[in-house]
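FYI, it's all coordinate maths here, none of it is from the lab. As the structure is a prediction and not an experimental result, all values here were calculated from the model. FYI the Cβ positions are ideal-geometry reconstructions off the backbone, even for glycines, and counts take in every protein chain you see.
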Amino acid sequence: AKAQGRNTWHWFEGTTTVVHNEYVTLRRELMEAIEQEQFVLYYQPIVAADSGIVRGMEALVRWQHPERGFVSPGDFIPLAEQTGQIVAIGQWVLHRACSDLADWNARMDRRMPVSVNISPLQFRRYGFLDEVRRVLDITGLEPELLELEVTENVLMSGAGQAIETLREIRKLGVKVSIDDFGTGYSSLRYLRQLPINKVKLDRSFIMDITENSDNAAIVQGVITMAHHLGLIVVGEGVETAEQAADLRHRECDLLQGFLFSRPVPFDQLDLSGSINR
Ligand code: C2E
Ligand code: CA
Ligand code: CA
Ligand code: CA
């Protein structure tokens with residue numbers, strides 16, 4: 001074959017051929033994965049910074065590949081986003097997470113919320129709102145117990161439409177948090193205009209919060225301003241007791257990270273008491 005149009009593949013050049021073949025293979029395998037539901041959801045607890053009581057959890061998808069074994073989302077979500085397959089995967093994730101939590105809440109007589117990652121393509125797609133409505137309807141999860149995590153760039157680009165979608169989501173009672181906050185181009189000043197509930201401080205700021213005074217200052221600034229705007233702040237990727245203590249001291253509301261728990265299958269979650277670290 002020869003070069004094709006603008007997306008030029010140099011079929012006879014070693015490396016690109018490999019990359020292209022891998023792309024084609026992975027895309028085909030993802031198609032099978034969607035058809036055969038080879039995905040599983042893991043959940044990571046999110047705890048109150050002061051008490052360690054579990055206040056929620058984030059659903060994180062894994063691909064159980066018949067030969068490759070567990071594939072982490074970092075290795076297939078970006079491709080799925082490119083091919084559009086993220087839409088089908090995201091639908092499965094949303095449905096699964098709502099259904100897991102609706103069942104558990106009904107059984108335990110609790111009101112535990114769940115956070116679901118929404119990819120940019122999924123969020124911008126016409127029909128996304130209907131999908132959310134339908135899933136809540138089918139699973140019976142209270143809208144207030146569903147929280148959608150979107151990255152700030154999703155809201156920045158195509159801002160008008162994004163804000164309209166956010167408003168509609170909020171009308172449903174569903175909550176929205178800004179994921180990986182601090183890594184994109186938005187500012188809290190801009191976020192002020194958005195109907196959101198939470199900001200999740202990216203792990204890169206938390207990682208060296210005890211050594212890097214610049215990052216510590218950024219974290220403090222975000223927390224102070226977010227509180228001023230009535231937003232809840234989550235510290236992501238908390239791995240050490242020192243980081244937890246630091247964030248607590250800065251009045252970060254919620255903490256999430258390996259220190260408290262790695263993501264685990266739903267039935268391995270311990271949601272009974274508090275995780276004190
Ligand atoms: P994210 O949304 O920022 O999710 C947090 C990631 O950090 C997860 O990685 C989690 O396992 C990891 N993590 C949590 N605590 C710690 C910690 O203390 N230390 C370290 N080093 N890592 C920690 P995971 O599960 O591999 O997911 C990676 C990314 O893939 C997610 O980042 C998210 O962007 C994407 N993703 C995962 N599941 C979904 C999904 O269902 N839909 C979409 N669209 N994206 C997803
Ligand atoms: Ca997330
Ligand atoms: Ca994140
Ligand atoms: Ca991230």
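Things worth noting here:
- Under 5 Å from the amide H of Ser186 lies no amide H of any residue 5 or more positions distant or on a separate chain, with H modelled from the backbone and absent for Pro and chain starts.
- Full-stretch length increase - Ile138, Ala88 - with 0.36 nm per residue and alpha-carbon distance subtracted: 16.3 nm
- HN-Hα J in Hz across segment 254-265 - Karplus 6.51, -1.76, 1.60, θ = phi - 60°, x for Gly and Pro: 10, 10, 8, x, 4, 4, 8, 5, 6, x, 9, x
- Karplus-derived HN-Hα couplings along segment 163-168 (A = 6.51, B = -1.76, C = 1.60, θ = phi - 60°), whole Hz, x at Gly and Pro: 5, 4, 4, 4, 4, 5
- Pair-distance profile P(r), taking every C-alpha pair of segment 24-113, with 5 angstrom steps and integer %: 3, 12, 22, 21, 14, 12, 9, 5, 2, 0
- For segment 235-277: rounded, prolate or oblate by the Cα gyration tensor [a/c cutoff 1.5]: prolate
- In the chain, the alpha-carbon atoms span a convex hull of 161 Å³ per residue.
- Under a 5 Å amide H cut-off, with hydrogens placed 1.01 Å from N, Ala49 pairs with Leu254, Leu255 among residues at least 5 apart or on other chains.
- Under 15 Å, Cβ to Cβ, from Ala216 - net charge with Lys/Arg +1 and Asp/Glu -1: -4
- Residue-by-residue Karplus 3J(HN,Hα) for segment 203-208, coefficients 6.51, -1.76, 1.60, Hz, glycine and proline x: 4, 4, 7, 6, 3, 10
- Pair Arg110, Arg27: separation of 7 Å Cα→Cβ label points (nm): 4.3
- Three-way shape call for segment 111-159 based on the alpha-carbon gyration tensor, with the a/c threshold at 1.5: oblate
- The lysine pair count for the chain, using Cα distances under 29 Å and pairs eight or more places apart or on different chains, is 4.
- Cα gyration tensor category, rounded, prolate or oblate, for segment 135-277 with a/c compared to 1.5: oblate
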